[in-house]
Amino acid sequence: MSVEKTTKVEESFQRVPGFKKMVDRWRNSRARSLWQTTLSQRRNLYAALRMQDTMGQELALARKQLLMVRQAALHRLFEKEHRQYQQELDRMGKAFHVERL
C-alpha cells in the first residue's frame with residue numbers, strides 16, 4: 001500500500017473509538033519492531049566483525065603451528081639422512097669431518 005492509502009485507512013479507523021487504540025498499539029509495536037530490527041542488525045554486524053577477527057587470529061596461529069610441524073618433520077628427515085650417510089661412510093671406513101672448538 002502507498003503511504004497516502006495507509007494514512008487514509010488509519011484516519012477512517014480512528015473515527016471509530018475502538019480502532020483508535022488498536023491503531024496506536026500497532027504504530028507503537030511497528031516502531032518498536034523497527035527499532036529492534038536495526039538494533040539486532042548492528043549487533044549482528046559487530047558480532048560478525050568480532051568473528052572475522054577471531055577467525056583471522058585462529059588462522060594465523062594455525063599457519064604458525066603448521067610451519068612448526070613442517071620444520072620438525074624436515075629436521076627429522078635431515079637427521080635420518082645424516083645417520084644414513086654416516087653409516088655408509090662407516091662401512092667404507094670414512095667419517096664426516098667435525099671441527100672441534
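Extension gain D53-H82, at 0.36 nm per residue separation less the Cα-Cα distance, in nm?
Full extension from D53 to H82 adds 6.1 nm.
What accessible area per residue, rounded to a whole number of Å², is obtained for segment 48-87 using a probe radius of 1.4 Å?
In whole numbers, segment 48-87 has 98 Å² accessible per residue.
Subtract the Cα-Cα distance of Y46 and R32 from 0.36 nm times their separation in residues, and report this length gain in nm to one decimal.
Length gained between Y46 and R32: 2.9 nm.
The values are calculated or read from the model by the stated rules, or taken from the named source; none is laboratory data. None of these values were measured; they are calculated from a predicted model. For the accessible areas, the whole protein counts, side chains as well, though only heavy atoms, and no ligand, DNA or RNA atoms are used. Shrake-Rupley method; radii C 1.70, N 1.55, O 1.52, S 1.80 Å.
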